[in-house]
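What follows is calculated from the coordinates using simple rules that are stated; it is not laboratory data. Small disclaimer: the values here were computed from a predicted structure and weren't measured. Reconstructed Cβ throughout: ideal geometry from the backbone, glycine too, with neighbour counts over all protein chains shown.
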Amino acid sequence: MSAPHHITKPLLHFQVFKMSSAPAKSPFNEKELDELKKLFKKHDKNSDGRVDKAELFTLIKSTGEDVTADMVAKAIAEFDTNGDKALDFKEFMSLMIQLRLMDKEQNQS
Ligand SMILES: [Ca+2]
Ligand SMILES: [Ca+2]
């Protein structure tokens, strides 16, 4: 029981951004991806293909995550690559991938 646990290098997080134009290696399987698409559509209330701050807030809440409006604002600031103050599906996926990676790290410790 003394084998060292595999440690995820922090570098991995940045690769998500670097590879954003190529099909990024997603930690989600097809079914999960499909559910994320549905989730995105469901919470995109005005159907403009993007989730704004309020839409993203209810979306993340619905996944059972404990978020604050402040965290959502920060997430949008970080993942909104085209500067429209909302996340399109691609930007949204970057956020979800990041959340999944963070989740994994927390569960491992
Ligand atoms: Ca919208
Ligand atoms: Ca955007």
Between a residue in the range 83-94 that is within 13 Å of K38 (Cα to Cα) and touching a residue at least 24 places away in the same chain (Cβ under 8 Å) and any residue that is more than 6 Å from ligand 2 (Cβ to nearest atom) and outside any loop (DSSP other than H, G, I, E, B), which pairs come within a Cβ distance under 8 Å, given they are 6 or more apart or on different chains? F89/K37; F89/F40; F92/L36; F92/F40; F92/V51; F92/L56; F92/F79; M93/L36
Residue that is surrounded by the most Cβ atoms within 10 Å (Cβ to Cβ), among those in the range 25-54 that are more than 13 Å from ligand 1 (Cβ to nearest atom) and basic (K, R): K37
Determine which member of the set D103, D66 is of a type in the set (D, E) and surrounded by fewer than 11 Cβ atoms within 10 Å (Cβ to Cβ). D66
What helices (runs of 4 or more DSSP H) lie completely within the range 30-91 and have 3 or more residues being within 16 Å of ligand 2 (Cβ to nearest atom)? 53-62, 69-79
